[in-house]
Amino acid sequence: MIAIVMSYDSRRGVGELSPEGGGGAIAVFVSEVERAGLSTLIAGQRLNCSIQTDRARKRSFAVRLELL
């Protein structure tokens, strides 16, 4: 899925992505940013990613990030 970085706070290690085709915000965590070999994300960047859902918290988050 293609997503756009809406915000990322490197001090807190969390941010939000917006799916390019529309839909609700998706969380992105520092662990996935680092796993992708990145040091930070910048608002407006486009990413290819997969979505995983935490059913207990009913929240989606991005995994397998790749800059486009």
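Please specify each residue of region 14-39 satisfying the condition of being over 11 Å from the mean Cα position of the chain (by Cα), exposed (fewer than 14 other Cβ atoms within 10 Å of the Cβ) and not acidic (Asp, Glu). Scanning region 14-39 gives GLY21, GLY22, GLY23, GLY24, ARG35, GLY37, SER39. For region 1-33, the set of residues classified as assigned to a strand (DSSP E or B) and touching an Asp or Glu at 6+ places or on another chain (Cβ under 9 Å) consists of ILE2, ALA3, ILE4, VAL5, MET6, SER7, TYR8, GLY15, ILE26, ALA27, VAL28, listed by residue number.
Could you check how many residues of region 1-50 are touching a Gly at 6+ places or on another chain (Cβ under 7 Å) and not aromatic (Phe, Trp, Tyr)?
Selection size over region 1-50: 7.
On the basis of being within 12 Å of the chain's Cα centre (by Cα), in contact (Cβ under 8 Å) with a residue 60 or more places away in the chain and surrounded by fewer than 17 Cβ atoms within 10 Å (Cβ to Cβ), does ILE42 make the cut? Walk me through it before giving the result.
Details: within 12 Å of the chain's Cα centre (by Cα): yes; in contact (Cβ under 8 Å) with a residue 60 or more places away in the chain: no; surrounded by fewer than 17 Cβ atoms within 10 Å (Cβ to Cβ): yes.
No, not satisfied.
Quick one: how many residues across region 39-48 are of a type in the set (A, V, I, L, M) and touching an Asp or Glu at 6+ places or on another chain (Cβ under 9 Å)? Explain how you work it out, then say what you get.
We begin by selecting, within region 39-48, every residue of a type in the set (A, V, I, L, M); these are 41-43, 47.
Still in the running and touching an Asp or Glu at 6+ places or on another chain (Cβ under 9 Å): 47.
The total comes to 1.
Read the figures in this text as sums done on the coordinates, not as results from a lab. Being a predicted model, the structure only gives us computed values, none of them experimental. All Cβ positions, glycine included, derive from the backbone under ideal geometry; neighbour counts span all protein chains shown.
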